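Colleague: To start, I am sharing the structure in question, which I have written as structure tokens.
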Amino acid sequence: MSPRHLDDPIREDAPLEDTGLENTSRPDLVPGAAQAEAAVREACELDQPEIPHGHMSGHSREEEVLERIERARKRRARVREDRITLAHGAGGKAARALIEAVFLEAFGNPLLEPLGDGAVTGPVAGGLAFTTDSFVVRPLFFPGGDIGDLAVNGTINDLAMCGAAPRYLSAGFILEEGFPVEDLRSVVASMAEAARAAGVWIVTGDTKVVENGKADGCYITTAGIGVIERPVRLSAAAVVPGDSVVVSGPIGEHGMTVMLARGGLDIETDLTSDTAPLHTLADRLLAACPGQVRCLRDATRGGVATVVNEIAAAAQVAIVLDESAVPVRPNVRGACELLGIDPLYVACEGRMVAVVAGDHADAALDALRSHPLGTDAAVIGRAGDDPAGLVLMRTHSGGTRVVDLLVGDPLPRIC
Amino acid sequence: MRFVDEYRDADQAHALADRMAALCRPGRRYQFMEVCGGHTHAIYKHGLEDYLPDAVEMIHGPGCPVCVIPMGRLDDAFHIAEQPGVIMTTFGDMMRVPGGRGTFLDAKARGADIRMVYSPLDALKIAHANPGRHVVFMAVGFETTAPSTALTILRAEAEGIGNFSVFCNHVTIIPSIKAILDSPDQRADGFVGPGHVSAVIGCRPYEFVPRVYGKPLVVTGFEPLDVLRAVHQLLTQLAEGRCEVENQYARVVPWDGNARALSVIGRVMELRGYFEWRGLGWIPHSALKISERYAAYDAERIFQIPGVRVADPKACQCGEVLKGVLKPWECKVFGTACTPETPIGTCMVSSEGACAAYYNFGRFSRKRVREATRR
Ligand code: SF4
């Protein structure tokens, strides 16, 4: 078999009668001989117009074939399989084709294009923020986003919460054998779009393929580097009694969207994920309240309740929330009521909690509300001194209770 | 979707608090048991104890259907789940309940195919989509969830889905209330009756509570004002020397219950002679099983379950907590060996369990919490 056959068996779009493969829809499963034959035929057909007839006569049959192979090797890589196979992770031609035709095609930027072992940047001014995150979500595609933009925005947000301007991302993919290439393309396209929208580059990456059944379609691991351009000291431990707790928008949309998108629940809603990059919002807040922002946290897993608990524990302050001040959209609230889930514990992917000095709460709100992602920002509580390390809440109906950490995922209750 | 804010109004809650305080006879203490775990959860989630007069104490009863499943039944469920070709399905709050051999999450980690569903119909859908497998639904709950289990079996029969069965652990509310009333250490002055269960069985079945045991009972819903109004009605009855069943939840609960739901249960299920309740022991006629006619959908008949009794851990005092004899924090292991991360008893598992609710929401001195939030 010539090298070309390994990675380029049959064009997906070739009509079946041309390939002599009427009986299969899985070109990657075609027995070798037929595959080889079809591939040679295809190569000839494709190359024909490029070859002026006059030149042909000067070549021997061998030269002709070698030349053809040479040209074939130089052609732009294409992924012709419609499903990921183990070959795509084996580091050979298939893997190369996947990288060039899917990842490079979508992410293309000067740091990625050399496809070196790592990306090399020029000198950077300022401190660096460095983060890593892994993304596993089921379903991979949900209203308002997919695992791709989730991964990019999530990494950007981790950097933004450090007060950094996000610059470079890496992306590692664990793909399950049999994962549709079309789906991979969609995921990669939304990563590219999210990166473009946020002005970051995906500069290095990796792909591994695991056997069918050993993973859930597609997992993504990222790392991100951001530059600290403005002198900030953000730390949960810096929170002191009297500070205000601000949330940048309505909570719980991502988590409820994904939970409902898993199906099995006959609840009709118009919920969409809130996934969004928060770096410009964070920047606006930091610029408006220099030195007055104690800490920023994105309220992902475990939701606002978890973030606030972590802050209370780190700073050894009491945080008192006001349930009626917490912005929750009616559709999220409705779904939460039905499932017996507290929206305070539901993940957000485009919301942050900021703790600001009490006398700067209004300035912080004005800054956040002037940004499209912060129009519904609200002060939801404040820090006090006793009981240290605890989060309390004045409930909607005027009672009080403790808001503790959850043990595991919020699980729907039955009655 | 309609909202429930009208039942969460703080002004009305304050007004009720004043009226309740006025009804308490000086020097007298009142203990009311809320039978239903949903009420326990509501009381803690909304911080309703703040509104109750100091003389009123709520006892958290046995009404969390997850909390009362005995360990042996869970081991039986794990056994079924581990049979080749079986997909076990159950509600989310069952996943962390400890049996003798760990939890469903542990069984899943050992390789059993266990899936969380939101309703028995979801389990039936899984059966339809996996004709080569056998799908078992672990049914738990009071009369609230029994109708949907029964309907699912009828649907399975109508659609000719043969690879589906139910491991039935439905329990009935009335015998458990009786068992509590008969227990010598019971000390409640009145009962807050369950809301959702009563939507099915109605209010009539509770009439023996005032008639035979001389205790008032008010059926109510799960919103803050529902619970507060029910306590107010109990105090009013006691103040006026009345003792009746009252329905504060008429917007959902018909006095005679839901005849259709009851008849569906009656068609598909029958009473068991005895059923073991965690902490409460064996209670006659307190649970449902699949009737002979639908034996083909009964996992207990299809699979040889070991049916081993597993004694509750020695340290566990769930029984006393379920009966209201002990407050959660009075249990020897509460908050030390027994926490929501490492539950010893089931009351610590479901968020409706008395111990978990208390641990999550209520374990700090009310006074301190109140002061912190008023500051
Ligand atoms: S603390 Fe644990 S063992 Fe004790 S009663 Fe509660 S759940 Fe049971």
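The values are calculated or read from the model by the stated rules, or taken from the named source; none is laboratory data. Note that the structure is predicted; figures quoted are calculated from it, not measured. All Cβ positions, even for glycine, are placed from backbone atoms using ideal geometry, and neighbour counts span all protein chains on display. Note: accessible area is taken over every heavy atom of the protein model, side chains too, but ligands, DNA and RNA are not part of it. Shrake-Rupley method; radii C 1.70, N 1.55, O 1.52, S 1.80 Å.
Colleague: Which three extents, in angstrom, do the Cα atoms of segment B:247-355 have along their principal axes, listed largest first?
Modeller: 47, 45, 25
Colleague: Obtain the nm distance between the two label points defined at A:ASP385 and B:ARG187 by a simple spin-label model: each point lies 7 Å from its Cα along the Cα-to-C-beta direction.
Modeller: Modelled inter-label distance: 3.9 nm.
Colleague: Using bins 20 angstrom wide from zero, how does P(r) for chain B break down, in % of all Cα pairs?
Modeller: The distribution over chain B is 29, 57, 15, 0, given as percents.
Colleague: Along Cα→Cβ, 7 Å out, is where each label goes; now give me the distance between the ones at B:ARG29 and A:ASP82 in nm to one decimal.
Modeller: 7.4 nm
Colleague: Within 10 Å of each candidate Cβ there may be at most 12 other Cβ atoms; applying that plus a DSSP loop requirement, which GluC sites (Glu not before Pro) in segment A:191-257 survive?
Modeller: In loop regions of segment A:191-257 (DSSP not H, G, I, E or B), the sparsely surrounded GluC sites (Glu not before Pro) are A:GLU211.
Colleague: Apply 1/(1 + (r/R0)^6) to the Cβ-Cβ distance of A:GLU100 and A:VAL65, taking R0 = 30 Å, and write down the FRET efficiency to the nearest 0.05.
Modeller: 0.75
Colleague: Using the Cα gyration tensor of segment B:163-205, with a ≥ b ≥ c the square roots of its eigenvalues, what is the shape: rounded (a/c below 1.5), prolate (a/b larger than b/c) or oblate (neither)? If you can, show how the numbers build up before the last one.
Modeller: On the way: a/c = 3.55, a/b = 1.72, b/c = 2.06.
Here segment B:163-205 falls in the oblate category.
Colleague: Something else now. How many percent of DSSP beta bridges within segment A:126-228 run antiparallel, rounded to 5?
Modeller: Percentage antiparallel, nearest 5: 70.
Colleague: Follow-up. Take the alpha-carbon centre of segment B:312-334, take the same for segment B:266-285, and report the distance between them in whole Å.
Modeller: 22 Å
Colleague: Excluding A:CYS348 itself, what net charge comes from residues whose Cβ is under 9 Å from its Cβ, given Lys and Arg +1 and Asp and Glu -1? Don't jump to the answer; show the numbers that get you there.
Modeller: On the way: positive: A:ARG351; negative: A:GLU253, A:ASP274, A:ASP298, A:GLU349.
Net charge in that neighbourhood comes out at -3.
Colleague: Rounded to the nearest 0.05, what FRET efficiency is calculated for A:ARG196 and B:ARG251 with R0 set to 51 Å and r the Cβ-Cβ distance?
Modeller: Values: r = 53 Å, r/R0 = 1.03.
After rounding, the FRET efficiency stands at 0.45.
Colleague: How much net charge surrounds A:LEU115 when only other residues with a Cβ under 13 Å from its Cβ are counted (Lys, Arg +1; Asp, Glu -1)?
Modeller: -4
Colleague: What net charge do the residues around B:ILE126 carry, taking every other residue with its C-beta under 11 Å from that of B:ILE126, with Lys and Arg at +1 and Asp and Glu at -1?
Modeller: +1
Colleague: OK, next. Restricting attention to segment B:125-165, which GluC sites (Glu not before Pro) occupy a DSSP loop and are surrounded by at most 15 other Cβ atoms within 10 Å?
Modeller: Those that pass, being in a loop and sparsely packed, are B:GLU159.
Colleague: If you roll a 1.4 angstrom probe over the protein chains with everything in place, what fraction of the accessible area of the protein assembly as shown belongs to carbon and sulfur, to the nearest %?
Modeller: The C+S portion of the solvent-accessible surface of the protein assembly as shown is 52 percent.
Colleague: Per Stokes-Einstein, at 37 °C and 0.692 mPa s, what whole-number D in µm² s⁻¹ belongs to segment A:305-384, with the Kirkwood radius over Cα pairs as the hydrodynamic radius? It would help to have the intermediate numbers written out before the result.
Modeller: On the way: Rh = 13.9 Å.
The Stokes-Einstein estimate is 236 µm²/s.
Colleague: Sort all Cα-Cα distances of segment A:126-228 into consecutive 5 angstrom bins from zero, then give the percent of pairs in each bin up to the one containing the longest distance.
Modeller: Answer for segment A:126-228: a P(r) of 3, 14, 24, 25, 17, 10, 5, 2, 0 percent.
Colleague: Across peptide B:42-53, what mean number of C-beta atoms from other chains lies inside 10 Å of a residue's C-beta?
Modeller: Shielding by partners across B:42-53 averages 5.
Colleague: At q = 0.06, 0.07, 0.11 Å⁻¹, what log₁₀ I(q)/I(0) does a Debye calculation on the Cα points of the protein assembly as shown give, no solvent, two decimals?
Modeller: -0.48, -0.63, -1.25
Colleague: Might you report the magnitude of the Cβ-based charge dipole of the protein assembly as shown about its Cα centre, with Lys and Arg at +1 and Asp and Glu at -1, to the nearest 20 debye?
Modeller: 2580 debye
Colleague: To the nearest 0.05, what FRET efficiency results for A:ALA125 and B:ARG115 with a Förster distance of 51 Å applied to their C-beta separation?
Modeller: After rounding to 0.05, the efficiency reads 0.45.
Colleague: Starting at the first residue of segment B:249-256, write each ³J(HN,Hα) from the Karplus equation 6.51 cos²θ - 1.76 cosθ + 1.60 with θ = phi - 60°, in whole Hz, x for Gly and Pro.
Modeller: Whole-Hz 3J(HN,Hα) from phi for segment B:249-256: 10, 4, 5, 10, 9, x, 3, 9.
Colleague: GNM on chain B, C-alpha springs below 10 Å: top fluctuator among B:PHE334, B:PHE303, B:PHE142?
Modeller: B:PHE303
Colleague: What share of the DSSP beta bridges in chain B is antiparallel, in percent to the nearest 5?
Modeller: 20 percent
Colleague: If you count the DSSP beta bridges with both ends in the protein assembly as shown, what percent of them are antiparallel, to the nearest 5?
Modeller: 55 percent
Colleague: Could you report segment B:253-348's accessible area per residue, 1.4 Å probe, as an integer in Å²?
Modeller: 49 Å²
Colleague: When the helices in the protein assembly as shown are scored as -39500 (n - 2.57) per DSSP H run of 4 or longer and the sum is shared across all residues, what 222 nm value do you end up with, to the nearest 500 deg cm²/dmol?
Modeller: -10000 deg cm²/dmol
Colleague: Determine the shape class of segment A:236-402: with a ≥ b ≥ c the square roots of the Cα gyration tensor eigenvalues, call it rounded for a/c under 1.5, and otherwise prolate if a/b is greater than b/c, oblate otherwise.
Modeller: Cα axes put segment A:236-402 in the oblate bin.
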